[in-house]
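*Asks:* Take this structure first; my questions come after.
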Amino acid sequence: MKLDVRGIIPPMVTPFTNDTEEIDVKAIYEEVEYLIQAGVTGICVGGSTGEGAGLSEREIYTLNKAVVDQAKDRVPVIGGVIADSTAEAIRKSLAAKEAGVSSLQVTPPHYLWTPTTEGLVKHFGAIGEKAQLPILIYNVVPWVDINVHAMKQIIDHVPWMAGVKQSGGDMHKIADMLYILKEDVTIITGIDDMLYPAFALGVDGAITCMLAVVPELCIELWNKVQAGDHQGALAIHNRLLPLWREIEGPNMPYLAKTAIELMGRKVGPARSPILGPSEAKKALIQQRLVEAGITVTV
């Protein structure tokens, strides 16, 4: 089983209202439409960039339903699930399925204790059996870092496994996953500062923060690599990297939203207790956008 996605799949930020930090459905519609008009090939909802770990099942349904409704089958929608237990992951997966997503992006459990490979097989197997949707494993949790051999066991034993999103900054694992697993499942990169080399290695696509912030530039990078224009691709990489260095970090969702708002798209704040940037930091993000050749509207 493989996912029905390839190319640039932004992990959309979740728009919240400025006053109450509630989900802003109107802003979701507008952001979805912007991403589709930019030319993305899919949308991932409720991931790390989308602050998915803090969403209730009800909010997951509301968010995914708004995205699915606005997408109108023009691109596939992947529902993100970040949960601390199998039971919670199943509840959130079913909420996303009820909203109409075509597949799921699921992390291993986030709690401090580390499950065994056998436990992970049972975890993803139980989610797949209940949700009956293709699953993209989001390999990002530092203390549950699934190596390629454990990943192969999960894929071999769980028929709903359709792909791996290798994140956590580990480019070495992307190489291993491509070498050992690419014939069996879709391999997606989740490493923002390594988009160009990952595309050159042959990943099936990307789901990273920068795709949600500046999708057009990331699409251009993808297209240049597919066309064999590595000089042009490297030039885009060098435009993206300084911007990413200003967005990455513990308050990344708010910094990403700050960059998006500087370009004129209204997505609101990150949820508390993540705080907004200082004026000096905001000015640096604006400067990096301008240096990258991106129009700033405020």
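*Asks:* I want to confirm something. Restricting to segment 112-125 and keeping residues that are assigned to a helix (DSSP H, G or I) and without any contact (Cβ under 8 Å) to a residue 12 or more places away in the chain, which single residue is surrounded by the most Cβ atoms within 10 Å (Cβ to Cβ)?
*Replies:* Here the answer is G119.
*Asks:* Quick check on segment 248-264. Is at least one of its residues among the aromatic types (F, W, Y), in contact (Cβ under 8 Å) with a residue 12 or more places away in the chain and either at positive phi or in contact with an Asp or Glu (Cβ under 6 Å, 6 or more places away or on another chain) (or both)?
*Replies:* No: zero hits.
*Asks:* Can I ask one more? Give the residue that is surrounded by the fewest Cβ atoms within 10 Å (Cβ to Cβ), with candidates limited to residues of segment 126-136 that are out of contact with any helix residue (DSSP H, G or I) (no Cβ under 7 Å at 6 or more places or on another chain) and within 15 Å of A83 (Cα to Cα).
*Replies:* Among them, the one singled out is G128.
*Asks:* Could you check segment 177-208 and list, in sequence order, the residues that are over 19 Å from G163 (Cβ atoms) and either assigned to a loop (DSSP other than H, G, I, E, B) or within 16 Å of the chain's Cα centre (by Cα) (or both)?
*Replies:* The one that is over 19 Å from G163 (Cβ atoms) and either assigned to a loop (DSSP other than H, G, I, E, B) or within 16 Å of the chain's Cα centre (by Cα) (or both): D193.
*Asks:* Can you pull out the residues in segment 22-40 that are under 24 Å from L94 (Cα atoms) and either modelled with pLDDT under 95 or part of a loop (DSSP other than H, G, I, E, B) (or both)?
*Replies:* E22, D24
*Asks:* Quick one: which residue in D193, D204, D229 is surrounded by fewer than 18 Cβ atoms within 10 Å (Cβ to Cβ) and touching a residue at least 24 places away in the same chain (Cβ under 8 Å)?
*Replies:* Result: D193 is the single residue among D193, D204, D229 that is surrounded by fewer than 18 Cβ atoms within 10 Å (Cβ to Cβ) and touching a residue at least 24 places away in the same chain (Cβ under 8 Å).
*Asks:* Any chance you could count how many residues in segment 133-174 are part of a loop (DSSP other than H, G, I, E, B), farther than 11 Å from T189 by Cα and polar (S, T, N, Q)?
*Replies:* 1
*Asks:* Which of the residues belonging to segment 73-88 are of a type in the set (S, T, N, Q) and either surrounded by fewer than 17 Cβ atoms within 10 Å (Cβ to Cβ) or touching a Gly at 6+ places or on another chain (Cβ under 6 Å) (or both)?
*Replies:* Hit for segment 73-88 is S85, nothing else.
*Asks:* Further, regarding this structure: Please find, within segment 42-72, the residue that is nearest to S272 (Cα to Cα) out of those that are surrounded by fewer than 19 Cβ atoms within 10 Å (Cβ to Cβ) and of a type in the set (S, T, Y).
*Replies:* Looking at residues that are surrounded by fewer than 19 Cβ atoms within 10 Å (Cβ to Cβ) and of a type in the set (S, T, Y), I get S56.
*Asks:* Right, here's the next one. If the Cβ limit is 8 Å and pairs must be 6+ apart or interchain, which residue in segment 21-32 that is in contact (Cβ under 8 Å) with a residue 60 or more places away in the chain pairs with which residue that is part of a loop (DSSP other than H, G, I, E, B) and surrounded by fewer than 19 Cβ atoms within 10 Å (Cβ to Cβ)?
*Replies:* E21/R271; E21/S272; D24/T17; A27/K266; E30/R265; E30/K266; E31/R265
*Asks:* Do you know which of the residues in segment 93-108 that are within 17 Å of the chain's Cα centre (by Cα) and free of Cβ contacts under 8 Å to residues at least 40 places away in the same chain is nearest to K26 (Cα to Cα)?
*Replies:* Of everything passing the filter in segment 93-108, L104 is nearest to K26 (Cα to Cα).
The values are calculated or read from the model by the stated rules, or taken from the named source; none is laboratory data. Everything quoted here is computed from the prediction, not taken from an experiment. A quick note on method: Cβ atoms are made from the backbone with ideal geometry, for glycine too, and the neighbour counts reach across all protein chains shown.
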